[in-house]
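Here is the structure we will look at.
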Amino acid sequence: MSTAIQNVGSYLEIFPAFARQAAGHNLPWLRKLRDGAFARFCETGFPTTHDEDWRFTNVSAIARTPFSLPSGRAEVSQSSLNPWRLKTAAAQLVFVDGQFVRELSVFGTLPANVAVSGLKEEIERRAPALESHLGRYLNIDRDPFSALNTAFTEDGAFVRFGRGAVLEEPIHLLFVSTTAPGPRMVHPRNLLIFEQECQGTVIEEYVSLGGGTVLSNSATELAAGENSTVSHYMIEREHRDAFNVSTLRIQQERSANVASHSLLLGGGLVRNNVHPVLAGEGGECLINGLFVGDGRQHLDNFMHVEHASPHCSSRQFYNGILDGHAHGVFHGRIVVHKDAQKTDAKQTNRNLLLSDDAQIDTKPQLEIYADDVKCTHGATIGQIEENALFYLRSRGIDEIAARRILLMAFAGECLERMKPGVAREHAEHLIHGHLLAVVNHLPERNPGHGEVRKRNWEEVG
């Protein structure tokens, strides 16, 4: 038996039962999509550190865990979701253990040409848009987790902006994992369609209501039509036992402007894949992110930007803050295809290590097959600047307060790239709250006695 088959043994039992009863099992195109993806997953198995795209992240803990699909929907009350609600959102779709729950969702008043629902509902009613978009963009040959997600595709979010639709407030997709008696896996699949000349924002957020070993392996396909303006936020703040693998695949048509913002705060092992393809001339793409880790968190960011048409521009800015024994990864690749002349691309990764045991692996890359381009990349790794810290302390600011100011300024670079509005305010609130906890755990040195102690921010507020 091959290594790949040994690696996916339990899935060989789970998939046939799922495929027989899953929504749309009688749709030939969907059945072919699932079967092909599962065959590909069985062929490759889970990735290892020998695979170049995964060289910094060991997923053996996922591969050897006997995950099962949810057997039913956990009971979740409206009140238990209150801490996670975004009250100013245009609509909020709630997913419990990967399943859309309409009665927990809030739809608000949406324009007539904006539709939101669960993907399973759209499959059951055989929505025409599904066959032309679902599975069209995601690369299951390159990524085994994308193949696994496609094999188990059944539910997730469906969002469609019709031509010319404009929505100022964001659509909030809230994915909630609950406590499980045994290891559980969910595979949310989201399809976001933005037609020509529309504007909108989607927040995709992953949270936990309890502990336990959970794998959330999500995939989002975002199609941005001509002259559309789209913002997508990926926020991950699950508990420390959680495995979270997310893939955002963006397809941009002519003059489409897409901004992807990632915020990684939780999880034990997290892999964040962002793969935009600038397929139409004149497209613009911003990939912006912040990851904050401590303890033994492993936060991996893999960016794969493809310039496939001329006169397009892309910008990647990722900042990392790591404490304790946390391990961060930034693996960014810009690929400029032969016909993508006049490409303008920039890639920057900046990292702060707050402890001697924290680790960062950063690998910015350029692959250029055109001869008339402007591409740059760079990475920095450092600690809190002692001169800046000394300057603030010389003005009478407590060390803990001074460190907080410097960390907020570093994280603020990420916030400044977000469009002002509800989504940015939500991200800012989460970042400030999380960094407050980080600062409260940083040691403070008493200059007079050489002592190192910890203080709460409330003591110096």
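The values are calculated or read from the model by the stated rules, or taken from the named source; none is laboratory data. What you see is a predicted model, and the numbers here were worked out from it, not measured in a lab. Methodologically, a virtual Cβ is constructed for each residue, glycine included, from the backbone with ideal geometry; neighbour enumeration extends over all protein chains shown. Side chains included, ligands, DNA and RNA excluded: accessible areas come from the protein's heavy atoms. Shrake-Rupley method; radii C 1.70, N 1.55, O 1.52, S 1.80 Å.
Details
- Test: residue in region 424-444 that is in contact with a strand residue (DSSP E or B) (Cβ under 9 Å, 6 or more places away or on another chain), aliphatic (A, V, I, L, M) and either at pLDDT below 75 or open to solvent by 30 Å² or more (accessible area, probe 1.4 Å) (or both): no
- Hits in region 183-227 (condition: over 28 Å from Asn82 (Cβ atoms) and of a type in the set (D, E, K, R)): Glu195, Glu197, Glu221, Glu226
- Condition met for Gly324 (under 18 Å from Val438 (Cα atoms) and open to solvent by less than 30 Å² (accessible area, probe 1.4 Å)): yes
- Hits in region 42-57 - residues which are open to solvent by less than 20 Å² (accessible area, probe 1.4 Å) and either acidic (Asp, Glu) or closer than 21 Å to Ile360 by Cβ (or both): Pro47, Trp54, Thr57
- Qualifying positions in region 213-251 - farther than 27 Å from Gln196 by Cα and in contact with a His (Cβ under 7 Å, 6 or more places away or on another chain): Asn217
- Residue list for region 187-213, filter: within 19 Å of Ser68 (Cα to Cα), buried (at least 19 other Cβ atoms within 10 Å of the Cβ) and small (Gly, Ala, Ser): Ser208
- Only residues that are within 21 Å of the chain's Cα centre (by Cα) and surrounded by 24 or more Cβ atoms within 10 Å (Cβ to Cβ) were counted in region 274-288, giving 5.
- Residue check for Arg20: of a type in the set (D, E, K, R) and either at pLDDT below 90 or surrounded by 12 or more Cβ atoms within 10 Å (Cβ to Cβ) (or both): no
- Residue in region 70-89 that is within 23 Å of Ala224 (Cβ to Cβ) and among the acidic types (Asp, Glu) present: no
- Residue identified as in contact with a strand residue (DSSP E or B) (Cβ under 8 Å, 6 or more places away or on another chain), touching a residue at least 60 places away in the same chain (Cβ under 8 Å) and farther than 24 Å from Arg271 by Cβ among Leu134, Leu130, Leu148: Leu130
- Residue that is nearest to Glu253 (Cα to Cα), among those in region 290-316 that are of a type outside the set (A, V, I, L, M) and in contact with a helix residue (DSSP H, G or I) (Cβ under 7 Å, 6 or more places away or on another chain): Phe302
- Scanning region 93-123 for residues that are more than 26 Å from Thr213 (Cα to Cα), of a type outside the set (A, V, I, L, M, F, W, C) and part of a strand (DSSP E or B) yields a count of 1.
- Remark: pairs (first residue in region 21-34, in contact (Cβ under 8 Å) with a residue 40 or more places away in the chain; second residue among the acidic types (Asp, Glu) and surrounded by fewer than 14 Cβ atoms within 10 Å (Cβ to Cβ); Cβ separation under 9 Å; 6+ apart in sequence or on different chains) = Ala23/Glu124; Gly24/Glu124.
- In region 66-121, the residues that are under 28 Å from Phe46 (Cβ atoms), surrounded by fewer than 18 Cβ atoms within 10 Å (Cβ to Cβ) and free of Cβ contacts under 8 Å to residues at least 60 places away in the same chain: Ser71, Gly72, Arg73
- Subset tally (residues that are under 30 Å from Ser260 (Cβ atoms) and touching a helix residue (DSSP H, G or I) at 6+ places or on another chain (Cβ under 8 Å)) for region 389-415: 9
- Any hit, region 363-385, residues being in contact with a His (Cβ under 6 Å, 6 or more places away or on another chain), among the charged types (D, E, K, R), surrounded by 15 or more Cβ atoms within 10 Å (Cβ to Cβ) and closer than 23 Å to Phe302 by Cβ: yes
- Elements of type strands (runs of 3 or more DSSP E) in region 259-310, at least 2 residues being acidic (Asp, Glu) and touching a residue at least 12 places away in the same chain (Cβ under 8 Å): 298-307
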